[in-house]
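Nothing in this text is a laboratory measurement; each read-out follows from the coordinates by a stated rule. Because the structure is predicted, anything quoted here is derived from the model rather than measured. Every residue, glycine among them, receives a Cβ derived from its backbone with ideal geometry; neighbour counts consider all protein chains shown.
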Amino acid sequence: MNFELSGKVTVLAERLTAFMEEFVYPNESRLHAEVEANRHHGDPWAPVALMEELKSQARARQLWNLFLPESPLGAGLNNLEYAPLCEIMGRSPVAPEVFNCSAPDTGNMEVLARYGTPEQQQQWLQPLLDGRIRSAFAMTEPDVASSDATNVEARIIRDGDSYVITGRKWWTSGAPDSRCKILIVMGQTMPDHPDVHRRQSMILVPMDTPGLSRLRSLRVFGYDHAPHGHGELDFDGVRVPASNLLLGEGRGFEIAQGRLGPGRIHHCMRLIGLAERALELMCKRSLTRVAFGRPIADQGVTRERIADARILIDQARLLVLSAADLMDRLGNKRALKEIAMIKVAAPYMACQVLDWAIQAHGGAGVSDDFPLAAAWAAARTLRLADGPDEVHRNQIARLELSRYKTRA
C-alpha cells in the first residue's frame, strides 16, 4: 500500500493548512463569542455572520466541497486523497463547516448525489453544495434502541400522490439550526414485509412542512453545539409529495449503507486531526507547567502518555488510510469490516488521547479556557453516533468468524 500524497493533494493540504492558520484558529474564540452573543439576545440558533465570512473566503480560494468521491460535483478526490485534508479540518470543531465539509450535510449531499432525481438535486443538492442552506438526517428514535435500525417505528404511508409521516425522532443533528431547510427521514413504508431490511424507506421532508415540530434541542454533556445543535422532532401527519421518496419503497437500508460508510470514515479522519491537536496542546502545556520543581514534561508518566498518544494516533491513521484505500479499490460494501474497525478504533483513541491531554492541563483542562473538554464530549459521542461500538464489534466478529465457518 502506498499512502504517499499525490502532488494535487500535497498542494491542497498546504493551502488548507495555511488557511487554517490564517483564518480558522485565530477566529475560534470570536465564533464562540458571536454564538454566545446570539444566545444572550435569545436566539443561539441564528446564523453566525463571521462563519459566513469565513465560508466566502474558503470558497474564493477553491477550498470548498472537497469531499464527494466519484462525483464531478466535488473536488475530484477519492477517499484516500480526501483523508489527510479531512484530518486537517478535524483539528478545529468549526473548520468543517467553513469548507462546506461538515456532517450531516456531507452525508446528505452524497445521498442526493447518488440517489436523488434531477428534480431533487436541483431543489436541494445545489443549495447545499452552494452552502446556502443546511440539512439534517432523521433516523434515531427515543422509544426504541435505534442501534438496531430495524426497530425504527416512524411510519411513511402512501396516500394518493402523497406520503404521510407519523412518528418521533431525536438526535437529529442540525435540526435546531435556523438554516436547516431539509430533512432526510427514515421510516417504515412496508411494516409487514418478510424481509426486515425492506420495510424502511427514506424521504425528503422540508422543515417548514405542516405537522413537523421542533420539540426541543438536546445537550451533549452539557453542550448544545449552537448554532448547529441536535433536535427532537415530532411528525404529526406530515404530508409531502410522493416524488420526495428517495430511490423507492423498501430501499432505506440500501441508502443508509451508501450514506454511512463515507460518513463513518469522515468522522474517523476528523478525529485523528482532533487527537493530533490534543497531543500538540499536551506537549506545549507539559513543557511550561511546573510541578514539584520541574516541568511535568520531565515526569516519567507524562512522557509515557505522550509516547503512547503518538503510537495510538499513528496506528489509527494507518487503519483509516487502509480502509479508505479499500473503499476506493473495491467499494464500500467490500470494506465493511475495515469501516467498522476504524469506527471503533478512532473514537476510542481520541477519547484516550484527549483524556491524557486534559490531565496534563490540570483544572484548566476541564474548563472552557481550552478546547479539550468540548473535544472530549464530541469524541465520546462518536462512540454512539453512526452505530455504537458494540454493533461494530459484533459485525467485525461475525465477518471474522465467517472465514472459519466456511472452511469448516
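Normalised by the number of residues in the chain, the mean separation of alpha-carbon contacts (under 8 Å, six or more apart) gives a relative contact order of 14 percent. Within the chain, the selection of entire DSSP H helices by a Cα span of 20 Å or greater along the long axis and an average Kyte-Doolittle value of at least 1.0 returns an empty list.
Ranking of V353, V9 by neighbouring Cβ atoms within 10 Å, starting from the fewest: V9, V353.
Over all pairs of different C-alpha atoms, region 1-43 has a mean inverse distance whose reciprocal, the Kirkwood radius, equals 12.9 Å. Any idea how far the Cα center of region 218-284 sits from the one of region 348-385, in Å? If you average the Cα positions of each part, the centres end up 20 Å apart. For H41 and S402, the FRET efficiency from 1/(1 + (r/R0)^6), where r spans their Cβ atoms and R0 equals 45 Å, is about 0.20. Shown here is the pair-distance distribution of region 103-182: with all Cα-Cα distances grouped in 10 Å bins from zero up to the longest one, the shares run 17, 38, 39, 6 percent. In region 15-122, one over the average inverse separation of all distinct C-alpha pairs is 15.0 Å, which is the Kirkwood hydrodynamic radius. The length gained by stretching the chain between E14 and H193 to full extension, at 0.36 nm per residue less their Cα-Cα distance, is 59.3 nm. An ellipsoid equivalent to region 227-322, defined through the eigenvalues of its Cα gyration tensor, has semi-axes of 47, 18, 8 Å when rounded to whole angstrom and sorted largest first.
The Rg/Rh ratio of the chain, with Rg taken over Cα atoms and Rh as the Kirkwood radius over Cα pairs, comes to 0.97. Using just its DSSP H runs of length 4 or more, each adding -39500 (n - 2.57), the chain gives a mean residue ellipticity at 222 nm of -15500 deg cm²/dmol after division by all residues. Label separation (T150 vs R30): 5.3 nm, computed from points 7 Å beyond Cα along the C-beta direction. Sorting C180, C101 from the fewest to the most surrounding beta carbons within 10 angstrom yields C180, C101.
At R0 = 45 Å, how high is the FRET efficiency between L215 and Q57 if r is their beta carbon distance? Nearest 0.05 is fine. Approximately 0.80, to the nearest 0.05.
Relative to one another, the C-alpha centroids of region 46-71 and region 314-331 are positioned 26 Å apart. You can think of it this way: the chain between E21 and Q123 has 33.2 nm of extra reach, that is 0.36 nm per residue less the Cα-Cα gap. Semi-axes of the equivalent ellipsoid of region 253-407 are 35, 16, 12 Å, computed as sqrt(5λ) over the eigenvalues of the C-alpha gyration tensor in descending order. Taking the DSSP beta bridges with both ends in the chain, the antiparallel portion is around 85 percent. Expressed as a whole percent, the proportion of Cα-Cα pairs in region 134-246 lying more than 19 Å apart is 42%. From least to most packed, judged by other beta carbons within 10 angstrom and beginning with the fewest, M349, M269 follow the order M349, M269. Modelled spin-label separation between L73 and D130, with each label point placed 7 Å from Cα along the Cα-to-Cβ direction: 1.4 nm. Rounded to 0.05, the FRET efficiency of the E390 and D308 pair, given R0 = 35 Å and the Cβ-Cβ distance, is 0.90. Cross-link reach is defined here as a Cα-Cα straight distance under 17 Å, omitting same-chain residues fewer than 8 places apart; for K169 the lysines meeting it are K181.
For region 7-25 versus region 127-167, the inter-centroid distance based on Cα atoms is 36 Å.
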